Amino acid sequence: MSFDNAYESLLGHEDAHWAFGTGFSEALSGVDREFPAGVDKDALASYCLMLGDDALIFSQRLSEWCSRAPELEEDIALANIALDLLGQARMLLTRAGEVLGRDEDALAYLRDEREFRNVHLAEIDCGPGPGGDFATTIARLLVFSSWRLALFSRLRGSADPVLAAIAEKGVKELAYHRDHAAQWTVRLGDGTDESHRRMQAGLERVWPFVDELFATHSVEAALQGVAVDPASLRSEVDGVLEAVLSAAGLTRPKDTRAARVAGMAGRDGVHTEVMGYLLAEMQHLHRSLPGAVW
Amino acid sequence: MADDLELRFERTVRSESRIEPRDWMPDGYRKTLIRQIAQHAHSEIIGMQPEGNWISRAPSLRRKAILLAKVQDEAGHGLYLYSATETLGADREDLTVKLIEGRQKYSSIFNYPTLTFADVGVIGWLVDGAAICNQVPLCRTSYGPYARAMIRICKEESFHQRQGYELLMTMMSGTQQQRDMVQDSVNRWWWPALMMFGPPDAESTNTEQSMAWRIKRDTNDELRQKFVNMSMPQAEKLGVTFPDPELKWNEERGEYDFGQPDWDEFWQVVKGGGVCNEQRIAHRRKAHEDGAWVRDAAAAHAQKHARKEGAA
């Protein structure tokens, strides 16, 4: 297309021009979407919702930084990470939807809070809202991406070919996310007294939500060979965090654990109070115009 | 000696060759370019806000991804353009301070509010469209780094424009409520989009010298006419109208006749009286000030690191 003539090319309205953003079919092209024999499909759908909701809700939080980051380069980097996670969410919700008979948007916009399966770490406000700052955001990103990278590395061997393919694509992204967070953790830990103090405070803020990441849920236990048991990731993730914190001159917070609610947490659809507001904002337009096409 | 340099500069510009950062250039040329490129960079950065306003509420995941990627591109455009000013001896930090202190301007269009999701589409179609009309000639501007940045920016802007138009096409194929939303949005953005080409030629102060220096290549009124001519068939295809009773095809001229925007409103918004002027600057100021400790930390870390390497 000659961009001197950007306008004229608009009139040729071919769908092929508009592929951008629908990417998941291309990312997973050639992947067998049949369900492997013997797999509990309902459990698989629940599992895809868990991993998909983690990515969707964290992406929603990260995109709050857009136009608010400390530097333009960082604005671009955080948007990039949010986009990667949104892409992972879309593939995972689509996979869940193949069992549930709903598309990605029905799952993202029309489920109520109790039906969301994400961990609390993904939903809490770590800034730019009043719940944190850039250091808290980096602390969450470090923990989340270290954990998810370890998880996706193992998920590449899943008996579900779609999950395996999503993981294969995801590990490259998550390795970058973890690297980005680790570099900032070191920079902030080492930089100035203020940045050191804020980074340590950021770690203290997110630490109570770490334990939930490694709790095995009955859905995961039921999907032997398909799902990854998060309890098996603990020592690897601890090792990564230990190495980064020590390079940054930071102290690993004491292992405090946020209490569960009547034994339940995010994976059971029991969330923190901020979740309702997050969903209200995310879902309101979609729900306000039933039957609309976007 | 100075005369030789000036002659060579003028010859280079006249022959449509590029001036590069190390070439001699008149002070006025340098200042004008820094002002123009910085204003453009600021526009990209401030322009992230009106559209960013809808990222958290985008009504489908695909639209959310497209919008987030678009706003991210705008940050990237700001970055190339600030870099182009740095080749002229300016400093990004200094320009940012000038922006948040109101000493440098940005495109006034971003002082208008985005009130519905249709605005995301209309900004892509009309606002990015008008920006492309303004910017395509700059791909041939006399200053090399600016011209090269503009080539990349125009390609990406064209992509955004198509995405915006595609969103509107999709919405027009939806419910009546959505079609009404699109028409309402077009009614609100059409006149501000026409204002993006600047005041009528008779009142424009910077045009003549900039044309001679090949920093600017078409007059405000020429570009505005071109924009109207291009937009009309697209509006018809989309099924919307523009809110201008004087807009009609002039057989004799082979162009559309159209009315004039409300220039009083234009000047009021330029001078700070728009719905969002204060909000946009306050938002940018807050991000810059809240981020100061992060930038300080990064600099301190880099310095310690450099010292350690130097010692080793």
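The values are calculated or read from the model by the stated rules, or taken from the named source; none is laboratory data. The model shown is predicted, which means the values in this text are computed figures rather than measured ones. FYI the Cβ positions are ideal-geometry reconstructions off the backbone, even for glycines, and counts take in every protein chain you see. Ligands, DNA and RNA are stripped out before the accessible areas are found, and what is left, the full protein with its side chains, is counted by its heavy atoms. Shrake-Rupley method; radii C 1.70, N 1.55, O 1.52, S 1.80 Å.
In region B:16-68, of all residues being without any contact (Cβ under 8 Å) to a residue 12 or more places away in the chain, surrounded by fewer than 20 Cβ atoms within 10 Å (Cβ to Cβ) and not in a loop (DSSP other than H, G, I, E, B), the one that is farthest from the other protein chains (Cβ to nearest Cβ) corresponds to B:Asp27. Residues in region A:192-239 that are part of a loop (DSSP other than H, G, I, E, B) and either more than 19 Å from A:Arg260 (Cβ to Cβ) or open to solvent by less than 50 Å² (accessible area, probe 1.4 Å) (or both): A:Thr192, A:Val210, A:Ala215, A:His217, A:Leu223, A:Gln224, A:Gly225, A:Val226, A:Ala227, A:Val228. Within the span defined as region B:182-191, every residue fails to be more than 18 Å from B:Asp244 (Cα to Cα), within 14 Å of chain A (Cβ to nearest Cβ) and not small (Gly, Ala, Ser). Of the listed requirements (1) more than 14 Å from chain A (Cβ to nearest Cβ); (2) open to solvent by less than 90 Å² (accessible area, probe 1.4 Å); (3) within 19 Å of the chain's Cα centre (by Cα), B:Ile281 misses just one: (1). The residues of region A:88-118 that are at the interface with another protein chain (Cβ under 8 Å from one of its Cβ atoms) and either open to solvent by 30 Å² or more (accessible area, probe 1.4 Å) or of a type in the set (Asp, Glu) (or both), listed by number, are A:Glu104, A:Asp105.
Within region B:211-229, the residues that satisfy the criterion of being within 22 Å of B:Tyr165 (Cβ to Cβ) and either open to solvent by less than 30 Å² (accessible area, probe 1.4 Å) or among the basic types (Lys, Arg) (or both) are B:Leu223, B:Arg224, B:Gln225, B:Lys226, B:Phe227, B:Val228. Scanning region A:61-87 for residues that are open to solvent by 10 Å² or more (accessible area, probe 1.4 Å) and among the β-branched types (Val, Ile, Thr) turns up just one, A:Ile76. Residues in region B:1-58 that are closer than 14 Å to B:Thr141 by Cβ and of a type in the set (A, V, I, L, M): B:Val13, B:Ile19, B:Met25, B:Leu33, B:Ile34, B:Ile37. If the condition is being touching a residue at least 12 places away in the same chain (Cβ under 8 Å) and more than 14 Å from chain A (Cβ to nearest Cβ), then region B:250-264 contributes B:Glu255, B:Phe258, B:Gly259, B:Gln260, B:Pro261, B:Asp262, B:Trp263. Considering region A:24-60, the residues that are open to solvent by 20 Å² or more (accessible area, probe 1.4 Å) and within 16 Å of B:Ala65 (Cβ to Cβ) include one that is nearest to the other protein chains (Cβ to nearest Cβ), namely A:Phe24. Criterion applied to A:Leu151, A:Leu203, A:Leu163, A:Leu155 was being of a type in the set (A, V, I, L, M), within 12 Å of A:Leu241 (Cα to Cα) and away from chain B (no Cβ under 14 Å), and the one residue passing it is A:Leu203.
Restricting region A:166-185 to residues that are surrounded by fewer than 20 Cβ atoms within 10 Å (Cβ to Cβ) and within 14 Å of chain B (Cβ to nearest Cβ) leaves a set whose member that is nearest to A:Leu56 (Cα to Cα) is A:His180. Does B:Glu93 fit the bill of being farther than 14 Å from B:Ile37 by Cβ, open to solvent by 20 Å² or more (accessible area, probe 1.4 Å), without any contact (Cβ under 8 Å) to a residue 60 or more places away in the chain and more than 12 Å from chain A (Cβ to nearest Cβ)? Here the answer is no, as B:Glu93 does not meet what is asked. Is there a residue being under 28 Å from A:His180 (Cβ atoms) and either small (Gly, Ala, Ser) or open to solvent by 60 Å² or more (accessible area, probe 1.4 Å) (or both) anywhere in region B:233-256? Looking for residues that are under 28 Å from A:His180 (Cβ atoms) and either small (Gly, Ala, Ser) or open to solvent by 60 Å² or more (accessible area, probe 1.4 Å) (or both), one finds none in region B:233-256, hence no. For beta carbons closer than 9 Å, sequence separation of 6+ or different chains, a first residue in region A:164-181 that is on the phi > 0 side of the Ramachandran plot and a second that is of a type outside the set (S, T, N, Q) and in a helix (DSSP H, G or I), there are no qualifying pairs. Among the numbered criteria (1) polar (S, T, N, Q); (2) open to solvent by 60 Å² or more (accessible area, probe 1.4 Å); (3) at pLDDT 95 or above; (4) in a loop (DSSP other than H, G, I, E, B), which single criterion is violated by A:Ser246? Of (1) polar (S, T, N, Q); (2) open to solvent by 60 Å² or more (accessible area, probe 1.4 Å); (3) at pLDDT 95 or above; (4) in a loop (DSSP other than H, G, I, E, B), only one is false for A:Ser246: (4).
Comparison of B:Leu247, B:Leu238 shows that the only residue that is among the aliphatic types (A, V, I, L, M), more than 14 Å from chain A (Cβ to nearest Cβ) and more than 21 Å from the chain's Cα centre (by Cα) is B:Leu247. Checking each residue in region A:259-294 for being closer than 23 Å to A:Ile124 by Cβ and open to solvent by 40 Å² or more (accessible area, probe 1.4 Å) picks out A:Ala259, A:Arg260, A:Val261, A:Ala262, A:Gly263, A:Met264, A:Glu273, A:Val274, A:Tyr277, A:Ala280, A:Glu281, A:His284. Pairing residues of region B:135-148 that are within 14 Å of chain A (Cβ to nearest Cβ) with residues that are hydroxyl-bearing (Ser, Thr, Tyr) and not in a helix (DSSP H, G or I), at Cβ distances under 7 Å and at least 6 apart in sequence or on separate chains, gives B:Ala147/B:Thr141. Restricted to region B:157-245, the set of helices (runs of 4 or more DSSP H) holding at least 3 residues that are closer than 23 Å to B:Gln268 by Cβ and in contact (Cβ under 8 Å) with a residue 24 or more places away in the chain comprises B:176-195, B:220-238.
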